[in-house]
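Input: a single structure, listed below in structure tokens.
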Amino acid sequence: MSCSFNLTHYAEILEAALTGGYRFVTFDESPEPGYLFLRHDIDLSLDAALRMAELEAQYDVATTYLLMTESVFYNLASSEGASAIARLRELGHAVGLHAVHPNVELDERFDPVVSWHNPSAEYMSATIPGATNVYAEPYFDPATYRSDSNQHWRSGCPHEELRGGGFSWLQILVHPEIWAYEGATMGLTMRSMLNAEKARRLEQLANDGIDLG
Ligand SMILES: [Zn+2]
Ligand SMILES: [Zn+2]
């Protein structure tokens, strides 16, 4: 098995976790042996988030999607944003806020769960009134945390340990953009995403009545 960052290997990771006996849970539960908190911070692409969400639903697992209201890359208040949230809910996933510090406005679209976008150490793990901070106790502990940031697992791809039940419990951060678009490095993956984005933008322009002739 090669640990590529694509949806094929992502599915293998899900299978490994299921084989290892892990239970996929959301942040309304507290860590217990065998629990797997799989979370997605959506920085760049709702399309990538939806592709990953559909794949997870095929494996009958529920994960947590944290969406931005202040992204420069997508507009959660648009019709696309609203239908993305509706689809995530329909598939059984939790939806929380990927917040830009210090703004935490939890309206009715969100469960009370927050992850900070590009946090700095001074506030990262602080308590957030009225919400669960995924970087705070009891959810965050470096020994039981894995992240794919910048297309790199700092402690290695977790599939082997998941299959063998090697973690007591685990929180994993997976960015869908890295897996939904192909590329051997983060830079190449981002270029694939931008190519796909161009086609999508052209379609949006046509739908908006723009003459592209
Ligand atoms: Zn792997
Ligand atoms: Zn982020």
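Computing the accessible area with a 1.4 Å probe over protein heavy atoms, can you report the carbon and sulfur percentage for the chain?
50 percent
The largest-to-smallest principal axis extents of the Cα set in the range 1-47 are 29, 28, 12 Å.
P(r) tail, the range 31-75: Cα-Cα pairs separated by more than 17 Å, 40% of all pairs.
Relative to the longest principal axis of the Cα atoms of the chain, the long axis of helix 79-90 lies at roughly 30 degrees. Taking the Cα atoms only, what angle lies between the long axis of helix 7-19 and the longest principal axis of the chain, rounded to 10 degrees? Tilt relative to the chain: about 30 degrees. Per residue, the accessible area of the range 43-166 comes to 50 Å² when a 1.4 Å probe rolls over the protein heavy atoms. Basic side chains Lys and Arg get +1 at the Cβ, acidic Asp and Glu get -1 at the Cβ, and with that the dipole of the chain about its Cα centre reaches some 380 debye.
Remind me, what semi-axes does the chain give for its equivalent ellipsoid, largest first in whole Å, using sqrt of 5 times each Cα gyration tensor eigenvalue? Write down the numbers at each step before the final one.
On the way: eigenvalues 154, 93, 50 Å².
Result for the chain: semi-axes of 28, 22, 16 Å.
Computed log10 I(q)/I(0) for the range 124-213 at 0.15, 0.21 Å⁻¹: -0.78, -1.02, from the Debye equation with unit scatterers placed on every C-alpha and solvent omitted.
Summary of the geometry: the range 87-135 and the range 1-70, compared by the centres of their Cα atoms, lie 17 Å apart.
The values are calculated or read from the model by the stated rules, or taken from the named source; none is laboratory data. Given the structure is predicted, the values throughout are model-derived calculations rather than measurements. Here Cβ is always computed from backbone atoms with ideal geometry, including for glycine, and neighbour counts include all displayed protein chains. Accessible surface areas use protein heavy atoms only, side chains included; no ligands, DNA or RNA. Shrake-Rupley method; radii C 1.70, N 1.55, O 1.52, S 1.80 Å.
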